[in-house]
Amino acid sequence: MNVNELREDLQRGSTPHLRQRRMTLGLSLTGIASMTAVTLLQMGVLKHLPDPPLQSFNSDKVNSSYDAYRFGAPDGTLGVLSFAVNLPLLAFGGAERAQDKPLVPLLASGKAAVDAAVALWYFYQMPAKEKAWCVYCITGQLASLGILTSTLPEARTALAALRGK
């Protein structure tokens, strides 16, 4: 595939897999936005994150917890990085990449599965350990779960293509 074909596919293609990749792109950018807010708090740029007016929400507490820093860097920064890695994975290859480059959609879906597992672990941690919810974290977690579900159809096609080779 040449550059012109790639550009045409990515900008104007309308296959189901391209539509799913675009949805995954939007979810990844949503995740980046939510984790950017968390990062600004965790790095001291912001002193407070606004919460919904419900008693059970305390984003400052959740994002300042031990678990939020346990990996040697604030987890918001790691979340931004993880969502950002999705972008080139989504952009790599044309409309038929599941057949032409099947390892790329499989890698994207495998990464999404790991991210979804981490998101579920954090989702459990909020009420169980922190006794509080974070709307920014929930947004990122829902984005991660959505990314997994939106990458699975192309991964199934890629797996079928690999088995057929």
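No lab work stands behind these numbers, since they all come straight from the coordinates. Remember, predicted model here, so these are calculated numbers, not experimental data. Cβ placement follows ideal geometry from the backbone for every residue including glycine, while neighbour counts extend to all protein chains displayed.
Brief remarks follow.
- Pick from segment 1-21, criterion without any contact (Cβ under 8 Å) to a residue 60 or more places away in the chain and assigned to a helix (DSSP H, G or I), ranking: nearest to Ala132 (Cα to Cα): Arg19
- Scope segment 131-142; condition surrounded by fewer than 23 Cβ atoms within 10 Å (Cβ to Cβ) and assigned to a helix (DSSP H, G or I); matching residues: Val135, Ile138, Thr139, Leu142
- Scope segment 80-96; condition part of a helix (DSSP H, G or I) and in contact (Cβ under 8 Å) with a residue 24 or more places away in the chain; matching residues: Val80, Ser82, Phe83, Ala84, Val85, Asn86, Leu87, Leu90, Ala91
- Flag: Leu29 matches the condition of being assigned to a helix (DSSP H, G or I) and touching a residue at least 40 places away in the same chain (Cβ under 8 Å).
- Complete set of residues in segment 145-159 that are over 17 Å from Val114 (Cβ atoms) and either outside any helix (DSSP H, G or I) or touching a Leu at 6+ places or on another chain (Cβ under 8 Å) (or both): Ala158, Leu159
- Hits in segment 72-99 - residues which are among the β-branched types (Val, Ile, Thr) and either farther than 28 Å from Pro16 by Cβ or surrounded by 21 or more Cβ atoms within 10 Å (Cβ to Cβ) (or both): Thr77, Val80
- Going through (1) in a helix (DSSP H, G or I); (2) more than 26 Å from Leu10 (Cα to Cα); (3) within 18 Å of the chain's Cα centre (by Cα); (4) of a type in the set (Gly, Ala, Ser) one by one, Ala128 falls short only on (3).
- Lone qualifier among Thr77, Thr24, Thr39 - being touching a residue at least 24 places away in the same chain (Cβ under 8 Å), assigned to a helix (DSSP H, G or I), closer than 20 Å to Trp133 by Cβ and of a type in the set (Ser, Thr, Tyr): Thr39
- Just one of the listed residues (Asp60, Asp115) is of a type outside the set (A, V, I, L, M, F, W, C), surrounded by 13 or more Cβ atoms within 10 Å (Cβ to Cβ), closer than 30 Å to Arg19 by Cα and free of Cβ contacts under 8 Å to residues at least 40 places away in the same chain, namely Asp115.
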